[in-house]
Amino acid sequence: MGALLGLGFGIGTLLIVLGWFGDHGPTRSFQSLGFFTRLAKQSGIPRLTGASLIAACVFLALLTGTLTLLVTAVPTAALLAFIASGGIPVLLIRRRVQLHQRTLRKAWPDAVDALLSAVRAGLSLPEAVVALEFKGPLALRAAFEEFAANYRAAGSFGEALAALGDHLADPIADRVIAVLKIAREVGGTDLGSVLRTLSAILREDARMRGEIEARQSWTVNSARLAVAAPWITLALLSTRPEAVRAYNSAAGAGVLFVAFALSFLAYRVMIFIGRLPDEPRLAQT
């Protein structure tokens, strides 16, 4: 009976979520999916959308909550597992975003060097940027292939650069695109020195940020281990009948809720302490 109630609760939650993000118009959906849509775009995964990310969160929460209820027979533990596991896809995608941005951060200096070589060879700036679909770093070739298609279709260098920035959704890409727009509008003979300076700045920035990320990674790993350890112990204890009876009582449920709140608070504080500030994106003009 408890398993059926948990499954019914999960299915009801899923139906509510699907109904909320159903046919309510594009503006309502975009506003509701804003955070998830931005996260999906920044991940670099081709067909990932905000709606599919939410569906993955709901599905994993339902699956984990139901399995926890079947294994432990503790409804409170199942509810907490439902709540906690629903954020796992978001954490995984945020990790994917960090890795993707790290890859792009390392690739941009090489892309600027390729631009500099093309300009020195006599190509115009738009032609040099288009050539990056073949000669640029592998991590950026797909984006510049799309840029080349947009530029050939519209014939506007500025619009193609704006589409490139929207596609990459990356702060470093915004900086490079801003420099390219200024160089295109102003012109002159200093383009080579500007590109050399930009490449040196991006390379040094990537090196320093990589060193800092390597040093602070132990804080994140310690936070995860500290939060996971007591709940693994709880899962093992829940296999004993006397522990199940204790946690099914009102006092046991209160202990679980308080422990969950304290674990969440402690994890967020440790992550906040070890977190590096995110680079702000430049406004597209």
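Could you please find all residues in the stretch 72-92 being under 26 Å from residue 45 (Cβ atoms) and surrounded by fewer than 20 Cβ atoms within 10 Å (Cβ to Cβ)?
Listed by number, the residues that qualify are 83, 84, 85, 87, 88, 90, 91, 92.
Any chance the stretch 14-22 includes a residue that's within 30 Å of residue 236 (Cα to Cα) and at pLDDT below 80?
Yes - at least one qualifying residue is present in the stretch 14-22.
Would you confirm whether any residue within the stretch 177-195 is surrounded by 12 or more Cβ atoms within 10 Å (Cβ to Cβ) and either in contact with a strand residue (DSSP E or B) (Cβ under 6 Å, 6 or more places away or on another chain) or under 30 Å from residue 273 (Cβ atoms) (or both)?
For the stretch 177-195, residues surrounded by 12 or more Cβ atoms within 10 Å (Cβ to Cβ) and either in contact with a strand residue (DSSP E or B) (Cβ under 6 Å, 6 or more places away or on another chain) or under 30 Å from residue 273 (Cβ atoms) (or both): absent.
Test of understanding: among 205, 113, 174, which residue is in contact with a Ser or Thr (Cβ under 6 Å, 6 or more places away or on another chain), surrounded by 13 or more Cβ atoms within 10 Å (Cβ to Cβ), in contact (Cβ under 8 Å) with a residue 12 or more places away in the chain and of a type outside the set (Phe, Trp, Tyr)?
Criteria check complete, one pass: 113.
Residue check: is residue 223 small (Gly, Ala, Ser), part of a helix (DSSP H, G or I) and not assigned by TED's automatic domain parsing to the domain that holds residue 170?
yes
Of the residues in the stretch 170-227, how many are touching a Gly at 6+ places or on another chain (Cβ under 8 Å) and modelled with pLDDT of 80 or more?
4
Does the stretch 72-83 contain any residue that is on the phi < 0 side of the Ramachandran plot, touching a residue at least 60 places away in the same chain (Cβ under 8 Å) and small (Gly, Ala, Ser)?
Yes, the conditions are met somewhere in the stretch 72-83.
The values are calculated or read from the model by the stated rules, or taken from the named source; none is laboratory data. Just so we're clear, the structure is a prediction, and the values are computed from it rather than from any experiment. Here Cβ is always computed from backbone atoms with ideal geometry, including for glycine, and neighbour counts include all displayed protein chains.
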